[in-house]
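Written below as structure tokens is the structure these notes are about.
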Ligand SMILES: Nc1ncnc2c1ncn2[C@@H]1O[C@H](COP(=O)(O)OP(=O)(O)OP(=O)(O)O)[C@@H](O)[C@H]1O
């Protein structure tokens, strides 16, 4: 479960996130969407414990991030959009490293499963520095899955993946939620995330415009067949003219 209350994040004088409140029920898959610069990565990086919040309360997997950061880090896996791998380790050594760092037992069969599923077997002895972008992404996702985290934070996980890998990723995200993990997926590829998410968190300029069921959002903003893209445009007002957005700026 993810419970974010009045979360604020400043970078110096700049207010990147301005009192965001949202929650994602345990075992559900939520899409975190919003225009460029909305604060999605800032929010995810803070939830993973990499950035320090300026204010607010972040309760992740049942623990308060500020009070019990280690408990949170133990239970959360974060895959950034450009995963920083260890360039001098092979693919298999990454899985080994994760298993040893998190003291996993009986992990080898599962590691083989992920290597096979993401078509990385041929590259198991290849150094990270010699992998393609999509392969790096899949190694990072496999490492995250191997940990069986309670909360999975995926920032633009589909970028760089080929269509079969996207399909497999979507299937595996569903499986993660079925085993009880709470998954938050940030993406601009709305048509790809809409069929795997049951919850929607939509932010713009560091503020939450919507948090709740995706189906509810569809019904509220146009009807059950409304696409996530239409919901996005409706809530953000983005297809409207520059005039609308400049008025919004003036009001701030
Ligand atoms: N290290 C930083 N220092 C100062 N400002 C930052 C820093 N990182 C992000 N920002 C600013 O915070 C705001 C939110 O950035 P963030 O990366 O969280 O947005 P995002 O929603 O992930 O955007 P995108 O969809 O483009 O990836 C932006 O205005 C950005 O310029």
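Observations on the structure shown:
- Spin-label model, residue 103 to residue 121: label points 7 Å out along the Cα-to-beta-carbon direction sit 3.3 nm apart.
- A helix-only calculation puts the chain at -11000 deg cm²/dmol for mean residue ellipticity at 222 nm, using -39500 (n - 2.57) for each DSSP H run of at least four residues, averaged over all residues.
- Listed by Cβ neighbour count within 10 Å, with the fewest neighbours leading, 236, 54 appear as 54, 236.
- Cα long-axis angle, helix 91-101 against the chain (0 to 90 degrees, to the nearest 10): 80
- Listed peptides 25-31, 103-109, 182-188 by packing density, highest first (mean Cβ within 10 Å): 182-188, 25-31, 103-109
- Overall form of region 1-160 per C-alpha gyration tensor (a/c, 1.5; a/b vs b/c): prolate
- Among 195, 82, the order by Cβ neighbours within 10 angstrom, fewest to most, reads 195, 82.
- Using a simple spin-label model with pseudo-atoms 7 Å out from Cα toward Cβ, residue 175 and residue 87 lie 3.3 nm apart.
- Cα-based helix-to-principal-axis angle, 163-178 vs the chain, degrees rounded to 10: 80
- Gyration tensor verdict on region 1-75 (Cα atoms; rounded if a/c is under 1.5, prolate if a/b is larger than b/c, oblate otherwise): oblate
- Tilt relative to the chain, helix 242-251 - C-alpha long axis, 0 to 90 degrees, to 10: 80
- Most mobile listed residue (94, 23, 234) in the chain, GNM with C-alpha springs under 10 Å: 234
- Among beta bridges from DSSP that stay inside the chain, the antiparallel ones total about 55%.
Bear in mind these aren't lab numbers, they're just calculated from the coordinates by the rules spelled out. Small disclaimer: the values here were computed from a predicted structure and weren't measured. So basically every Cβ, Gly included, is an ideal-geometry build from the backbone, and we count neighbours across all protein chains shown.
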